[in-house]
1. When each pair of different Cα atoms in segment 1-54 is counted once in the 1/r mean, what is the Kirkwood radius in angstroms, to one decimal?
2. When we measure straight from the Cα of Lys64, which lysines land under 26 angstrom away, once same-chain ones fewer than 8 places off are left out?
3. Can you list residues whose amide H is under 5 Å from Lys86's amide H, if they're 5+ apart or on another chain and H is modeled 1.01 Å from N?
4. Restricted to Cα positions, what overall size does segment 1-113 have along the principal axes? Three whole-Å values, descending.
5. Take the chain, mark every one of the trypsin sites (Lys or Arg not before Pro) that falls in a DSSP loop and has at most 13 other Cβ within 10 Å, then report the longest stretch left between them, sites excluded.
6. Run through the DSSP bridge list for the chain and note the antiparallel percent, rounded to the nearest 5.
Amino acid sequence: QVRLVESGGGLVQAGGSLRLSCAASESIFKLNVMGWYRQVPGKQREVVATITSGGSTNTADSVKGRFTISRDGAKDTVYLQMNSLKPEDTAVYYCTAQSIFTTYWGPGTQVTVSS
């Protein structure tokens, strides 16, 4: 069982920045893929960015150029740097980790961007 704990969410004005952190309970290099998803009430959860165990990253078109996913293996932590935030980025952001057996989810952290 892998536990994921997100932090760093909050309220920010449009154009501002936030950095989300996701601390894992075991080595992130044992996990095939880690990533960030977001969800707005009444809509499906959507992928924001992912990073593989080999370090390859992928970012959704809607946030490309503004959001960056990275990791610190020594801290077993994955980050999401969010710049130039827009009101439409408002959502609950979830950290996820995929092993060969299953997918784990964190409890989520709220990000609210005011106009």
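What follows draws every value from the coordinates through simple rules; no lab data is involved. In this text the structure is predicted, and so the values were computed from the model without any measurement. Neighbour counts are summed over all protein chains in view; Cβ atoms, including those assigned to glycine, are modelled from backbone coordinates with ideal geometry.
1. 13.2
2. Of all the lysines, those that pass the test against Lys64 - Cα under 26 Å, at least 8 places apart if same chain - are Lys43, Lys75, Lys86.
3. The list, which skips near neighbours in sequence, is Gly15.
4. Result for segment 1-113: principal-axis Cα extents of 36, 27, 22 Å.
5. Details: sites that count: Arg3, Lys43, Lys64, Lys75.
Looking at the chain, 76-115 is the longest stretch - no exposed trypsin sites (Lys or Arg not before Pro) with at most 13 other Cβ atoms within 10 Å.
6. Working: 38 of 42 bridges.
Antiparallel bridges: around 90 percent, rounded to the nearest 5.
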